[in-house]
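The values are calculated or read from the model by the stated rules, or taken from the named source; none is laboratory data. Being a predicted model, the structure only gives us computed values, none of them experimental. Here Cβ is always computed from backbone atoms with ideal geometry, including for glycine, and neighbour counts include all displayed protein chains. When the accessible area is computed, the model is the full protein with side chains, heavy atoms only, and any ligands, DNA or RNA have been set aside. Shrake-Rupley method; radii C 1.70, N 1.55, O 1.52, S 1.80 Å.
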Amino acid sequence: MELQNRRALLALCLHASRADGARSAEERDAIHTALGRIRSEGLDAEALWGEVEGGRRTLAGTARELTSPEARELGYELAVCVCDADGATNEKERAFLGELGRELGLSSTFTERFRREADALAETALTPGASTGEVEALILKRAILCGGLELLPQSLATLAILPLQMQLVYSIGKRHGFELDRGHVKDFLGVAGVGMASQLVEGFVRQLVGGLFGRLAGGMVGGLARGAAGAGLSFATTYALGHAAERYYAGGRKLSGAELRELFGTLLGRARELEPRHAAEIASRARGIDLGALARTLG
């Protein structure tokens with residue numbers, strides 16, 4: 001039964017990634033690639049991808065596979081977060097979520113409250129934040145925070161990584177005299193190869209595989225240990241993104257798209273090697289995160 005729930009939850013994430021009807025080929029490929037990096041007995045992400053993309057798995061049928069109130073609420077939360085990957089939900093996404101809420105039998109009080117919370121987080125204002133000190137210290141601190149968020153069981157924790165990464169790029173650009181808007185920062189992430197929806201989908205799948213969503217299993221026993229892979233990836237992605245932004249803006253934005261992607265790939269490899277040295281800091285940071293306070297700060 002637990003496997004059935006996890007498969008249905010992943011399928012809802014994939015349905016949500018298509019909800020706005022405007023998914024680019026690059027985004028589609030990024031999600032597919034992210035799924036290919038995850039292997040778990042029974043949770044065949046590739047097969048689910050084919051079922052959803054091919055129209056063989058309906059939203060209504062998937063909703064019926066969730067066997068408990070907790071799983072149905074979690075399914076809605078994950079879908080909202082995936083819809084919010086590139087900003088607050090649009091009209092098509094809200095229509096999709098409305099249909100999903102009805103199929104799941106959830107109250108409008110619950111669904112609207114959660115959607116508003118996620119929308120507010122997704123539309124976090126771009127501000128420099130605490131940008132004093134050396135760039136390396138700023139980047140490392142933000143990477144550790146993002147890694148820690150990946151270890152938390154709340155779905156909004158994974159969503160919070162995206163605005164934190166965007167704020168990091170904005171802060172670094174501003175240090176070098178560039179006034180950026182959300183569109184530019186999103187484009188920077190996309191050109192570098194940091195897919196926003198694919199990050200969320202991959203993060204959620206890793207948590208489904210690792211057991212961090214304790215509502216499905218009656219607790220989060222061993223969750224921090226099993227979530228280490230996802231935390232490491234979020235740390236490395238954020239760290240590499242920060243250093244790529246530093247090189248890009250310090251150099252006057254002269255790198256081509258291909259050069260920026262190559263740079264990010266190199267930096268990501270180095271960051272993955274660096275991450276084990278900070279694993280204990282990431283776990284410690286996770287234990288000290290007050291998600292509600294963080295969301296209020298970001299908002």
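Before moving on, here are some points about what is shown:
- Proximal charge balance of Arg115 [Cβ under 10 Å; K/R count +1, D/E count -1]: -3
- Dipole axis of the chain (+1 Lys, Arg; -1 Asp, Glu on Cβ), positive-most option in Ala137, Val80, Ala157: Ala137
- Förster-model FRET efficiency, 25 Å R0, Glu99 and Glu26, C-beta, rounded to 0.05: 0.40
- Our helix-only sum for the chain, with -39,500 (n - 2.57) per DSSP H run of n ≥ 4 divided by its residues, gives a mean residue ellipticity at 222 nm of -22500 deg cm²/dmol.
- Centre separation in Å (Cα based) which lies between the range 223-299 and the range 181-195: 15 Å
- The HN-Hα couplings worked out from phi for the range 159-164 by the Karplus form 6.51 cos²θ - 1.76 cosθ + 1.60 (θ = phi - 60°) are 4, 5, 4, 5, x, 5 Hz, whole numbers, x standing for Gly and Pro.
- Accessible surface, 1.4 Å probe, highest first, among residues Val185, Val135: Val135, Val185
- Peptides ranked, highest mean first, by Cβ atoms within 10 Å: ranges 162-172, 136-146, 288-298: 162-172, 136-146, 288-298
- Spacing of the modelled spin labels on Thr266 and Leu291, each 7 Å from Cα toward Cβ, amounts to 3.8 nm.
- For the range 105-193: accessible area per residue (Å², 1.4 Å): 39 Å²
- Check: the chain dipole with +1 on Lys, Arg Cβ and -1 on Asp, Glu Cβ, in debye: 340 debye
- Distance between the 7 Å Cα→Cβ label points at Glu136 and Ala279: 2.3 nm.
- Taking label positions 7 Å along the Cα-Cβ direction at both Arg247 and Ala88, the computed distance is 3.6 nm, reported to one decimal.
- Across the chain, C-alpha contacts under 8 Å between residues 6 or more apart give a mean separation that, scaled by the residue count, equals a relative contact order of 22 percent.
- Each residue of the range 2-11 is assigned a 3J(HN,Hα), and the resulting list reads 4, 4, 4, 5, 5, 5, 5, 5, 4, 4 Hz, derived from the Karplus form 6.51 cos²θ - 1.76 cosθ + 1.60 (θ = phi - 60°), x at Gly and Pro.
- The phi torsions of the range 109-123, fed into the Karplus equation with coefficients 6.51, -1.76 and 1.60 and a -60° offset, translate into couplings of 4, 5, 5, 5, 4, 5, 4, 5, 4, 5, 4, 5, 5, 5, 9 Hz, rounded to whole numbers, with Gly and Pro shown as x.
- Heavy atoms of Asp119 accessible to a 1.4 Å probe, total area in Å² rounded to 10: 20 Å²
- Crossing angle, helix 257-274 versus the chain [Cα axis fit, 0-90 degrees, rounded to tens]: 80 degrees
- Subtracting the Cα-Cα distance of Arg175 and Ala60 from their residue separation scaled by 0.36 nm leaves 36.5 nm.
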